[in-house]
Amino acid sequence: MKKILTCIQFLLLAIASNATGQEGDIIYIDGTRWELLGRPVSRDSVLYHHLKAVLPSNRSISTANWDGFTAYWSIVQDVLCLDSIRCEHYDANCREYIGERIPNDTLLHVFKNYVDGKHIVANWLTGDIRERHTN
């Protein structure tokens, strides 16, 4: 029995070591592009569920982006704000991936409890978000 458990443990370790890294959301800080290592929208499960309900059903989902979208963020007066959300889908006629921005009205509806003036403020977050510089 111990040998079987050890084999299962090594098998799971081997599978995990070949895992694809997840793409992060994008944030612009003082004009510099950074990749967030966390996904702020997913921190609120109800909000995340409402967002996924309005995303296009034909969006491309991959092992690098299980959600099928990328959120774009900025810092406005020391506050994290959601600027836009973009999805991609494969167009068989053009044989390429086409980017699609979720309409602002849709985002304002989904994030209605977090709208402050012209901005969607991520005040559902209470912790830190890590990022890394991208080119």
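What follows is calculated from the coordinates using simple rules that are stated; it is not laboratory data. Just so it is clear, the model here is predicted, and its values are computed rather than measured. FYI the Cβ positions are ideal-geometry reconstructions off the backbone, even for glycines, and counts take in every protein chain you see.
Distance from a point 7 Å along Cα→Cβ of ASP116 to each backbone N in segment 34-51: keep the residues under 11 Å and list them by number. Hits in segment 34-51 for ASP116 at 11 Å: none. The label point for ALA53 and the one for TYR72, both projected 7 Å from the Cα toward the Cβ, are 2.7 nm apart.
Per-residue 3J(HN,Hα) values for segment 106-123, derived from phi via the Karplus relation 6.51 cos²θ - 1.76 cosθ + 1.60 with θ = phi - 60°, read 5, 5, 4, 5, 5, 9, 4, 6, 10, 7, 10, x, 9, 10, 9, 9, 7, 7 Hz in sequence order (x marks Gly and Pro). Summarising the amide proton neighbourhood of LEU80: residues at separation of 5 or more, or on other chains, whose placed amide H is nearer than 5 Å comprise ALA122.
If you average 1/r over every pair of different alpha-carbon atoms in segment 43-93 and take one over that average, what Kirkwood value in Å do you get? Write down the numbers at each step before the final one.
On the way: mean 1/r = 0.0796 Å⁻¹.
Across segment 43-93, the inverse of the average 1/r is 12.6 Å.
Per-residue 3J(HN,Hα) values for segment 57-74, derived from phi via the Karplus relation 6.51 cos²θ - 1.76 cosθ + 1.60 with θ = phi - 60°, read 6, 8, 5, 7, 10, 9, 5, 8, 8, 5, 7, x, 8, 10, 9, 10, 10, 8 Hz in sequence order (x marks Gly and Pro).
Report note on the peptides 46-59, 67-80, 93-106: ranked by the mean count of other C-beta atoms within 10 Å, highest first, their order is 67-80, 46-59, 93-106. For segment 82-93, the Karplus equation 6.51 cos²θ - 1.76 cosθ + 1.60, evaluated at θ = phi - 60°, returns couplings of 7, 8, 6, 9, 10, 10, 10, 9, 8, 9, 5, 5 Hz by residue, with Gly and Pro reported as x.
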